[in-house]
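Notes follow the structure.
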Amino acid sequence: MTTLTEFRKVGDKLRNWGRWGEDNQLGTLNFIESAKLVESASLVRKGAIFPLGVDFNAELIWPQDNFRRNPVHVMTVDGADAATMAEFLPGYGGPTEKQLLDIWQTPFRFADDMIIMPLQCGTQWDALSHAWYEDLMYNGVPGSAVSSRGAARNSIDQVDVKGVVARGVLLDAARHKGVAHLTPNSALLPDDLDEIAAAQGVEIRSGDTGPAGGAAVTTWAAFSARTGRRYFAASRSVERDAASAVQLSVTPPSTTRVWPRT
């Protein structure tokens, strides 16, 4: 079993703190340079689209006892409201009610809704302020930089400013193992990833991005303290200088951002 001391040694050896300056908030996304964008654009052959987004689902994303709740879908206006509003809204309420009444008194109708959920319920890209150890996040920023108002440092809006367009590498672990999907808590060690890449004839280059495919449950790619060869976690793949994590997850990465957050 890996000890905490060994874990710290691996972290000290492989972390990128200071690599791009003390004020950097992008981490390994710095590997995505102009040449990588040109290379990525040249790879398009068929123009096929592969949806990687996760469906909003009220039951199947998080278990019922998880501290994150599944999405709650609420209709705020629906087709059954028209007659009721036209009958009961006149003379009631304020500007909001008047706005709706003015609409319902015309032939125009519409429906509206909203979703209440933790952002971990949908496809999203974790910022460098999402997780940390011993009160220090990327580049030595204290964990207190994340408050109820959001992340003051290492927030996801840094990614939005940078933009993420790169060569994507898919390592299909499930197919390589001959199964429909990996079982819960499956680990992929560095040797496993090397074997899958070799079998697929794929070379992982500097600035590449991509999830490892074929998982139905969240499974982090593991690191090997025995060899210290690579550390796959929190958007790092040091030996290959990759720009994002090799991660099996129910929430594949995307660049969606609403506001600076973790």
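The values are calculated or read from the model by the stated rules, or taken from the named source; none is laboratory data. A quick note: this is a predicted structure, and the numbers were derived from the prediction, not measured. Cβ coordinates were reconstructed from backbone atoms using ideal geometry, including for glycine residues, and neighbour counts include every protein chain displayed.
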With criteria (1) surrounded by fewer than 20 Cβ atoms within 10 Å (Cβ to Cβ); (2) touching a residue at least 40 places away in the same chain (Cβ under 8 Å), Pro190 comes up short on (1)
Every residue in segment 88-126 that is at pLDDT 90 or above and among the acidic types (Asp, Glu), please.
Asp112, Asp113
Index of the failed condition, Tyr133 passing every other in (1) at negative phi; (2) surrounded by fewer than 13 Cβ atoms within 10 Å (Cβ to Cβ); (3) not assigned by TED's automatic domain parsing to the domain that holds Asn24
(3)
Need pairs with beta-carbon distance below 7 Å; first residue hydrophobic (A, V, I, L, M, F, W, C) and within segment 21-47, second in a loop (DSSP other than H, G, I, E, B) and surrounded by 19 or more Cβ atoms within 10 Å (Cβ to Cβ); sequence gap 6+ or separate chains.
Leu29/Ala243; Phe31/Gly207; Phe31/Ala243; Ile32/Ala166; Ile32/Gly207; Ile32/Ala243; Leu43/Arg167
Near pairs, Cβ below 8 angstrom, 6+ apart or cross-chain, from segment 50-77 (more than 16 Å from Thr123 (Cα to Cα)) to any residue that is of a type in the set (Phe, Trp, Tyr) and assigned to a loop (DSSP other than H, G, I, E, B):
His73/Phe56; Val77/Phe110
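Here is a yes/no grid of residues against (1) polar (S, T, N, Q); (2) at pLDDT 85 or above; (3) assigned by TED's automatic domain parsing to the domain that holds Leu37; (4) more than 21 Å from the chain's Cα centre (by Cα):
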position: Ser144; (1), (2), (3), (4): yes, yes, yes, yes
position: Ser148; (1), (2), (3), (4): yes, yes, yes, no
position: Asp194; (1), (2), (3), (4): no, yes, yes, yes
position: Ala198; (1), (2), (3), (4): no, yes, yes, yes
Going through segment 95-123 in order, the residues found to be over 24 Å from the mean Cα position of the chain (by Cα), in a loop (DSSP other than H, G, I, E, B) and either assigned by TED's automatic domain parsing to the domain that holds Gly150 or touching a residue at least 12 places away in the same chain (Cβ under 8 Å) (or both) are Gln105, Arg109, Phe110, Ala111
Take the residues of segment 34-52 that are surrounded by fewer than 15 Cβ atoms within 10 Å (Cβ to Cβ) and small (Gly, Ala, Ser): which is nearest to Ala151 (Cα to Cα)?
Ser34
Given (1) surrounded by 18 or more Cβ atoms within 10 Å (Cβ to Cβ); (2) within 30 Å of Glu33 (Cβ to Cβ), number of the condition Ala145 does not satisfy
(1)
Taking segment 53-78 as the search range and keeping residues that are among the hydrophobic types (A, V, I, L, M, F, W, C) and assigned to a loop (DSSP other than H, G, I, E, B), which one is surrounded by the fewest Cβ atoms within 10 Å (Cβ to Cβ)?
Phe67
Give Ile196, Ile204 a once-over and let me know the one that is within 25 Å of Val10 (Cα to Cα) and in a loop (DSSP other than H, G, I, E, B).
Ile204
Among residues of segment 7-33 being exposed (fewer than 11 other Cβ atoms within 10 Å of the Cβ) and under 22 Å from Pro190 (Cβ atoms), the residue modelled with the highest pLDDT is Asp12
Every residue from segment 86-102 that is under 30 Å from Phe56 (Cα atoms) and of a type in the set (A, V, I, L, M, F, W, C):
Leu100
